[in-house]
Amino acid sequence: MKETPILLLTGYLGSGKTTLVNNILTNKKGIKFAVVVNDIGEVNIDAALIQKGGVVDQKDDSLVALQNGCICCSLKADLLEQILNLIESNRFDYILIEASGICEPLPIAQTICLGDESLPKICRLDSMVTVVDALRLVDELMGGQKLVDENLEDEDIANLVIEQIEFCSTVILNKVDGLEPEQLGLIRAVIRRLNPAANIIETNYGKVDVKDILDTGRFDIERACSSIGWVQALENV
């Protein structure tokens, strides 16, 4: 059986994940997607796409909602089961998973790559994409500088943004329109410090060429784990 590629999409609430999903589905270029969402009520996949029945259709089970929990913890078994069911149906070319805004990326990637001995043979986590709200980094996180502050509190939301950036293969830097060049330069520098190998794509309204995030072959879990900023920092001590 041919391996089914999976795109895992993370990003904090309001970053633009769902807008990106809708753009991907609109520009599908003949790709048959199955979409897995952590909470359909939260993500609000465009109703027009569902009504058209071409890509996301609740009636034919290509839209799967995993609710009442989080796929990085309590719903990991459900996620595995849904991935297996979608692949075994032999009806989809690609699986797109939109994680809740509060999800940590590492446990989800481990679930897909290591959670079931049959999964690596029939699917591959092709790309881990994190959507980052550039405006929020400027307005609330000191242009991203707070993300590299050694005195962050454990509960600070910046820690989640850090984890999502550190572990991804591609960063979608969204809402860049209107930022000054020096602000963008600072944000890029922060992202590079957290994840030197990440592909950074700057955009507005989640408008991304799908060839830059689909079938990239960019994600490797061993490389991702070894490239996390805090791991590198320990190795350099």
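Add +1 for every Lys or Arg and -1 for every Asp or Glu among the other residues with Cβ under 10 Å from the Cβ of LEU135, and state the total. Kindly include the intermediate steps, with their values, before the conclusion.
Numbers: positive: ARG136, LYS175; negative: ASP133, ASP139, GLU140, ASP177.
So the environment of LEU135 carries a net charge of -2.
What is the spin-label model distance, in nm, from ASN199 to LEU184 if the labels are put 7 Å beyond Cα along the C-beta direction?
Placing both labels 7 Å along Cα→Cβ, they lie 1.9 nm apart.
Run the simple label-point estimate for ILE221 and LEU84 please: 7 Å along Cα→C-beta, distance reported in nm.
A separation of 1.6 nm, rounded to one decimal place.
Using the structure shown, list the pairs from LYS2/LYS32; LYS32/LYS207; LYS32/LYS121; LYS32/LYS175 with a Cα-Cα distance above 25 Å, or answer none.
Pairs exceeding 25 Å: LYS32/LYS175.
Order 88-94, 133-139 from most to least packed using the mean count of other Cβ atoms within 10 Å. Don't jump to the answer; show the numbers that get you there.
Working: 88-94: 13.4, 133-139: 19.7.
Answer by packing, highest mean first, reads 133-139, 88-94.
Values in this text are rule-based calculations from the coordinates and carry no lab data. Given the structure is predicted, the values throughout are model-derived calculations rather than measurements. A quick note on method: Cβ atoms are made from the backbone with ideal geometry, for glycine too, and the neighbour counts reach across all protein chains shown.
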